[in-house]
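Quick note: the coordinates plus some simple rules give every number you see, no bench work behind them. These numbers come from a predicted model, not from an experiment. For neighbour counting, all protein chains shown are included, and Cβ atoms are generated from backbone atoms with ideal geometry for every residue, glycine included.
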Amino acid sequence: MIKILLVDDQDLFRQGLAVLLDLEADLTIIAQARNGQEAIDLAVQHQPDVILMDVRMPLCNGVEATQQIHSQFPWIRILMLTTFDEDEYIWQSLQAGALGYLLKNTPSGQLADAIRTLHQGHSQLGPTIAPKVFAQMNPPQPSVSVKLSDRELEVLDYLKKGHSNREIAQALFLTEGTVKNHVSQVLNKLNLRDRTQAALWAQKHLPD
């Protein structure tokens, strides 16, 4: 069962979405928040598997809440669900630690599938969002295998799945410092800005 925290300041939308998602056999809404501060408090209390997070909210917006939650609980998957598709919001959210970004007009069935995919560690970008993200990324290199070592490819695969440096280090029996160095090498070789871009690049170009 995938435990979900809903965060949105529009009560009718949030409550309606809760009803729809609760119809899914493998999804359950464990808590609801009206703003980012409530989201932080409820994340600490319940530690859900997935958080659906609005961007614009009072007291504390979704980007700030995402950053705080991700820093404390990097294993919690955060999916931004909003009406705004401006580039600034998208990048701020992804850099804060969100693993996906969808618009509120996404059909409930597709949203449920996105939650399942996100829970497995894969990013989710809406059809109008993905082009904006990839447009800001450099074209793929002609041959990944030539550019990256086997170890760097392993690290990149873990980045794609949303793992932190500590989690990667434990999985590969390396120190966090070594993993950090590998991540830096991957970014340099692929000419990418940060680990968010690396994860999205890998999601698109590396096979599962």
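A few points about this structure:
- Structure remark: mean-square fluctuation, Gaussian network model of the chain, C-alpha springs under 10 Å; the largest value among PRO74, PRO48, PRO107 belongs to PRO107.
- Ellipsoid fit via the Cα gyration tensor, region 45-128: semi-axes of 17, 16, 11 Å, each the root of five times an eigenvalue, largest first.
- Calculated FRET value between GLU167 and LEU12, using beta carbons and R₀ = 35 Å, to 0.05: 0.40
- Its DSSP H runs of at least 4 residues, each contributing -39,500 (n - 2.57), put the calculated 222 nm mean residue ellipticity of the chain at -15500 deg cm²/dmol, to the nearest 500.
- Taken over the Cα atoms of the chain, the convex hull encloses 115 Å³ per residue.
- Enclosing the Cα atoms of region 143-193 in their convex hull gives a volume equal to 70 cubic angstrom per residue.
- Packing rank of 8-21, 188-201, where each peptide gets the mean count of other beta carbons within 10 Å, highest leading: 188-201, 8-21
- Our summary gives the chain a relative contact order of 15 percent, counting only alpha carbon pairs under 8 angstrom and 6 or more residues apart.
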